[in-house]
Amino acid sequence: MHEASIAQSILDIVLETALKNGARTVRVVNLLVGKISAVDNSALTTAFDVIKEGTIADSAILNIENIPIVGKCNDCGNLDEYEEYFFQCKKCRSFNVELISGEELSIKDIEVD
Ligand SMILES: [Zn+2]
């Protein structure tokens with residue numbers, strides 16, 4: 001269950017950041033999750049809700065922003081959205097496609113009191 005370990009590392013970073021900033025409560029955690037990381041949003045939220053209990057983030061809301069997989073063709077310049085990490089240009093059929101976004105798995109920011 002890879003969402004549980006992701007939730008744990010998110011919580012660790014959130015708590016460390018909150019402490020450094022003298023926060024008393026963490027209200028919102030904004031996450032960027034690229035589609036390549038294959039994270040299940042609801043499994044991640046559930047895992048986070050379990051482990052946040054008893055911490056200063058125990059009422060924190062996890063906001064997940066999913067980032068689409070975007071590739072750019074180096075042959076014809078076509079920029080397109082893809083469903084998985086397998087790139088064949090939808091225009092010219094070239095495999096020379098470069099990943100532009102979709103690998104993200106990071107905390108965008110947190111809101112604290
Ligand atoms: Zn192309």
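The values are calculated or read from the model by the stated rules, or taken from the named source; none is laboratory data. Note that the structure is a prediction, hence the values are computed from the model and not measured. Don't worry about glycine lacking a Cβ; one is built from the backbone with ideal geometry, like all the others, and counts go over all protein chains shown. Protein only, heavy atoms only, side chains kept; ligands, DNA and RNA dropped before computing areas. Shrake-Rupley method; radii C 1.70, N 1.55, O 1.52, S 1.80 Å.
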- prompt: Does residue 41 qualify as being within 28 Å of residue 20 (Cα to Cα), away from the ligand (no atom under 11 Å from the Cβ), open to solvent by less than 60 Å² (accessible area, probe 1.4 Å) and without any contact (Cβ under 8 Å) to a residue 60 or more places away in the chain?
  reply: yes
query: Restricting region 88-108 to residues that are part of a loop (DSSP other than H, G, I, E, B), of a type outside the set (Gly, Ala, Ser) and closer than 30 Å to residue 13 by Cα, which is nearest to the ligand (Cβ to nearest atom)?
result: 103
task: Considering every residue within region 58-77, establish whether at least one is within 15 Å of the ligand (Cβ to nearest atom), in contact with a Leu (Cβ under 6 Å, 6 or more places away or on another chain) and not small (Gly, Ala, Ser).
output: yes
message: Cβ contacts < 6 Å: first residue open to solvent by 70 Å² or more (accessible area, probe 1.4 Å), restricted to region 65-89; second residue within 8 Å of the ligand (Cβ to nearest atom), any location; separation 6+ or different chain. Result?
response: 74/96; 75/92; 75/94; 75/96
query: List pairs: first in region 97-109 and β-branched (Val, Ile, Thr), second part of a strand (DSSP E or B) and more than 16 Å from the ligand (Cβ to nearest atom), Cβ under 8 Å, 6+ apart or cross-chain?
result: 107/29; 107/30; 107/31; 107/32
